[in-house]
Amino acid sequence: MLEIKDISAGYGMNGQAAEGQGVLKKVGFKAAPGEITAILGPNGSGKTTLFRCILGQIKPASGAICLDDKDITALVPGKRARVISCVPQDHEPPFPYSVFDVVLMGRTAHVKACSMPSQLDYLKAGESMKEVGIAGLRDRRYTMLSGGERQLVMIARAIAQDTPVLLLDEPTSHLDFRNQILVLKKMREVVRRKGLIALVTIHDPNLAAAFSDRVVMINNGSVISEGKPGQVISEEGLRLLYGIDVFVLHHNGMKIIIPSALSCH
């Protein structure tokens with residue numbers, strides 16, 4: 001279980017966390033193994049700052065981040081990289097690495113300084129590619145892939161890192177509709193099969209409703225609602241989150257969110 005305990009964080013004059021310039025204000029929630037927890041919120045709501053705190057890129061001004069009841073807030077980068085992996089929103093490698101080499105980079109946290117990857121590292125990289133269904137892309141150049149294929153490579157790299165916690169920062173933001181569904185379906189399969197704790201920032205409430213197990217709504221740096229998608233993704237909840245009126249339709253057990261015309265205020 002990953003527990004975010006009343007995290008407060010912001011940025012001072014030097015770019016470091018500062019209580020007085022709060023972006024996050026006592027944010028707290030839990031994320032369970034084998035589940036996808038979607039973080040929903042408008043731009044500037046604090047989603048990126050939350051991920052940066054979990055990744056150790058900034059230190060919270062207060063609160064704690066606990067994994068299986070152990071506080072990991074102050075873990076050094078090398079040890080943190082063995083418990084948390086991340087799929088970034090954008091990734092442009094400086095060189096045209098092969099897909100396998102990009103995935104193998106996920107094993108960096110397990111390779112000692114001045115050492116080469118071991119047979120186990122190569123095995124883990126190959127297994128993670130099979131997990132997400134991209135073994136056939138092994139020798140392709142990463143820079144020559146489609147957007148959907150690149151995202152699957154990034155997920156494979158994170159899985160190769162072999163951590164219990166997986167963060168995905170807007171993994172569908174630059175993908176077409178087909179690839180959005182492809183990536184999210186594959187992600188859900190892997191998370192459930194491997195029992196990972198997955199946190200995903202996502203903009204589309206329809207995708208959050210369809211693919212997540214829990215939803216945390218964040219606005220102005222605070223959690224305004226959390227729970228199962230069917231509980232929190234509602235007309236009233238989305239109105240509070242985004243400041244617009246929506247219609248929530250039900251079809252074959254699925255929710256479909258449609259913005260009301262001219263509803264922004």
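Hey, can you rank 243-256, 62-75 by average C-beta count inside 10 Å, highest first?
Top of the packing list down: 62-75, 243-256.
Quick one: if you stick a label point 7 Å off each Cα along the C-beta vector at residue 1 and residue 113, how many nm between them?
Once both label points are built, they end up 3.8 nm from each other.
For the stretch 171-265, what does the convex hull of the Cα positions come to per residue, in cubic angstrom?
122
Extension gain residue 91-residue 32, at 0.36 nm per residue separation less the Cα-Cα distance, in nm?
Taking residue 91 through residue 32 to full extension adds about 18.5 nm, to one decimal.
Please give the calculated 222 nm ellipticity per residue for the chain, where each DSSP H segment of at least 4 residues contributes -39500 (n - 2.57) and the sum is spread over every residue; nearest 500 deg cm²/dmol?
-9000 deg cm²/dmol
Provide, in order from the shortest bin, the percent of all Cα-Cα pairs of the stretch 1-139 in each 5 Å bin, continuing until the bin that contains the maximum pair distance.
Over the stretch 1-139, the share of Cα pairs per 5 Å bin runs 2, 8, 15, 17, 17, 15, 12, 9, 4, 1, 0 percent.
Please compute the Kirkwood hydrodynamic radius over the chain, one decimal place, Å, based on all pairs of different Cα atoms.
Here the Kirkwood hydrodynamic radius works out to 19.3 Å.
Rounded to the nearest whole Å², what accessible area per residue is found for the stretch 47-160 with the 1.4 Å probe?
Ligands and nucleic acids excluded, the result is 52 Å² per residue.
Beyond 24 Å between alpha-carbons counts as too far, so tell me which of 25/228; 30/59; 26/186; 5/186; 194/228 fall in that bin.
From 25/228; 30/59; 26/186; 5/186; 194/228, over 24 Å: 26/186; 5/186.
Order the peptides 92-98, 206-212 from the highest to the lowest mean number of other Cβ atoms within 10 Å of their residues.
206-212, 92-98
Can you give me the three principal axis dimensions of the stretch 152-199 from its C-alpha atoms, in Å, biggest first?
Largest first, the stretch 152-199 extends 29, 17, 16 Å along its Cα principal axes.
Using a 1.4 angstrom probe on heavy atoms only, work out the carbon and sulfur share of the accessible area of the stretch 146-258 in %.
The C+S portion of the solvent-accessible surface of the stretch 146-258 is 52 percent.
I want to verify the translational diffusion coefficient of the stretch 62-123 in µm²/s; compute it with Stokes-Einstein, Rh as the Kirkwood radius over Cα pairs, at 4 °C and 1.567 mPa s.
Answer, rounded: 92 µm²/s.
If you stretched the chain out fully between residue 71 and residue 251, how much longer would it get, using 0.36 nm times the residue separation minus the C-alpha to C-alpha distance?
60.5 nm
Can you tell me the equivalent ellipsoid semi-axes for the stretch 22-99? Use √(5λ) from the Cα gyration tensor, largest first, whole Å.
23, 17, 14
The values are calculated or read from the model by the stated rules, or taken from the named source; none is laboratory data. Given the structure is predicted, the values throughout are model-derived calculations rather than measurements. Note that each Cβ is placed from the backbone with ideal geometry, even for glycine, and that neighbours are counted across all protein chains shown. Accessible surface is based on the protein model in full, side chains and every heavy atom, while ligands, DNA and RNA are left aside. Shrake-Rupley method; radii C 1.70, N 1.55, O 1.52, S 1.80 Å.
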